[in-house]
Amino acid sequence: MATNPMHQFKVHRIGPEIEISGVDLSFTNASLFMLISAALLALLLLLGTREKKLIPNKAQLLSEMLYNFIAKMISDTAGKKAKPYFPFIFSLFIFILFCNMVGMLPYSFTVTSHIIVTLTFAIFIFIGVTILGFIMHGFKYLKIFVPSGVPIVLLPIISIIEIISYLSRPISLSVRLFANMMAGHTMLKVFGGFVISLGLIGGWLPLTFSVALTGLEILVAFLQAYVFAILTCIYLNDALNLHH
Amino acid sequence: MKNFFIFLIFSTSIGGNLGAAEAGMPQLDPKYWASQAFWLIIIFSSIYILMAKIFIPKIKDNLDARENKIRKDLEEAKTFKEEAEKKLKTYQDLIENAKLESKKILSDNRQRLNEDIQTKKVKMQKEIEKEIIAAENEVKKFKSESGKKIINISEDIVSYLLKDIFGEDGNQSSIKATVSEVLKRETEK
């Protein structure tokens with residue numbers, strides 16, 4: 001059981017079964033690790049904003065760096081109009097980042113390695129951005145499917161491609177994060193299994209790999225959170241500043 | 001992406017060993033999808049509210065406060081610098097003025113001294129000239145007086161000699177004439 005690399009992704013119920021109108025909404029280990037990630041990031045920000053120091057301490061510096069990092073990312077990709085959505089992007093980035101990082105701890109559960117979690121985010125972003133686009137520009141928002149400067153003959157084909165690419169946004173966004181997380185953790189587990197099965201004599205090579213992979217996975221954890229947030233910014237930019 | 005392909009190859013190769021119920025990925029088992037989505041929405045919403053209402057305003061306030069403080073400090077530093085420059089300028093002006101004044105005092109004094117020396121020189125010269133004239137006059141006077149005295153003495157000597165040789169007083173007027181004649185001849189010689 002322990003050697004099955006997919007076992008780490010199994011969801012099981014913790015505590016009583018909660019069922020609302022026939023839907024199972026029980027508290028699971030996934031919910032627990034969501035809660036742990038949320039609690040950790042709330043703790044960091046609590047420590048970071050507890051004191052208002054002119055020269056910040058470590059927690060304050062970290063939270064201010066996070067703030068500046070996200071603020072710069074939003075202003076670079078989506079401009080000034082995206083300012084009201086700063087709290088959302090900020091929450092999104094640090095929540096995914098913390099879920100990914102908590103997932104890196106041994107015996108923990110990676111919330112973002114589940115397609116349903118990333119898909120919930122992606123669909124919410126997709127629907128939100130689409131509604132926002134129609135609110136900001138009315139039916140002119142459909143211009144997003146008609147790039148300017150394209151010959152009339154090619155226009156139908158291009159439009160169809162644009163529509164498909166637009167509709168596939170939630171899928172690409174969610175699968176990217178989920179697949180990266182799942183693949184990375186599976187690899188780690190597989191190499192970890194090799195260390196055990198090859199034992200003291202042959203286990204050193206997979207152990208080396210495992211250490212290197214852990215470093216890589218920490219990088220991927222950060223990078224994927226960043227990519228998720230920046231793509232959200234780009235979609236937001238399309239909705240706010242219509243130009244093609 | 002590369003990782004993903006490696007995983008796919010790997011998972012298909014070991015897929016046969018897994019039980020049918022747990023086959024493939026637990027992610028695709030819809031049993032807890034609703035639960036995961038439900039808890040995600042609850043937890044993420046609460047995080048969003050926490051961020052938007054508490055933490056982000058706090059961080060922003062702090063950053064703004066720091067920026068304001070830095071700006072204020074910079075402004076203060078600028079005013080101080082300007083003030084210092086002003087002070088430096090007044091100080092330089094002061095020194096310049098003092099230099100000019102001292103130069104003026106120096107040249108004034110020199111001029112006054114020169115004038116003083118000049119007037120004193122002139123005065124001295126006048127005095128010296130006066131003294132010289134007085135001395136010359138005295139010499140002249142003495143000269144003329146001495147001539148008379150010589151004549152008197154000569155006359156006395158002549159009359160005395162006459163008396164001593166001839167035993168009688170000579171004629172005074174003739175003696176006088178003779179003496180003057182002899183003196184005249186002597187001075188002419």
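Tabulated data for the structure shown
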read-out: Size of electric dipole in the stretch A:16-102: Cβ of Lys, Arg +1 and of Asp, Glu -1, about Cα centre, debye, nearest 20; value: 720 debye
read-out: Pairwise label distance in nanometres, B:E136 with B:N109, each label 7 Å out on the Cα-Cβ vector; value: 4.2 nm
read-out: Sequence-separation-based contact order of chain A, relative, with Cα cut under 8 Å and 6+ spacing, percent; value: 25 percent
read-out: In degrees, nearest ten, helix B:172-188 long axis to first principal axis of chain B (Cα); value: 50 degrees
read-out: Residue among A:S37, A:S159, A:S172 with the largest mean-square fluctuation in a Gaussian network model of chain A, springs linking Cα atoms under 10 Å; value: A:S159
read-out: Cα-based helix-to-principal-axis angle, A:29-50 vs chain A, degrees rounded to 10; value: 80 degrees
read-out: For chain A, the longest site-free run once GluC sites (Glu not before Pro) in DSSP loop states with at most 15 other Cβ atoms within 10 Å are removed; value: A:52-244
read-out: Convex hull of Cα atoms in chain A, direction-averaged projection (nm²); value: 19.2 nm²
read-out: Enclosed volume per residue, in Å³, of the convex hull spanned by Cα atoms of the stretch B:32-188; value: 209 Å³
read-out: Under 20 Å from B:K78, Cα to Cα: aspartates and glutamates that are on another chain or at least 8 residues apart; value: B:E67
read-out: Proxy reagent accessibility, fewest Cβ within 10 Å first, across A:L177, A:L142; value: A:L142, A:L177
read-out: 0 to 90° range, to nearest 10: angle between helix A:204-240 axis and chain A longest Cα axis; value: 20 degrees
read-out: From phi via Karplus (6.51, -1.76, 1.60), per-residue ³J(HN,Hα) for the stretch B:137-148 in Hz, x at Gly/Pro; value: 4, 4, 4, 4, 4, 4, 4, 5, 5, 4, x, 4
read-out: Sum of -39500 (n - 2.57) over DSSP H runs of 4+, divided by residues of chain A (222 nm, nearest 500); value: -24000 deg cm²/dmol
read-out: Order of A:H137, A:H185 under a 10 Å beta carbon neighbour criterion, fewest first; value: A:H137, A:H185
read-out: Residue list for the stretch A:38-63, given a label point 7 angstrom along the Cα-to-Cβ vector of B:E76 and an amide N cut-off under 20 Å; value: A:52-56
read-out: Out-of-range pairs (alpha-carbon distance over 27 Å; input B:K104/B:K130; A:K58/B:K58; A:K53/B:K53); value: B:K104/B:K130
read-out: Net charge dipole size for chain A [Lys, Arg +1 and Asp, Glu -1 on Cβ; Debye, nearest 20]; value: 560 debye
read-out: Near-label residues of the stretch A:114-158 by backbone N, under 19 Å of a point 7 Å along Cα→Cβ of A:L35; value: A:117
read-out: Distance between modelled label sites at B:D116 and B:K184, nm, 7 Å Cα→Cβ extension; value: 6.2 nm
read-out: Sites A:V150 and B:L28 - FRET efficiency at Förster radius 41 Å, r taken between beta-carbons, to 0.05; value: 0.55
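Each value in this text was obtained by applying a stated rule to the coordinates, not by laboratory testing. Because the structure is a prediction, the values reported are computed rather than measured. In this analysis, Cβ positions are derived from the backbone assuming ideal geometry, glycine residues included, and neighbour counts consider all displayed protein chains.
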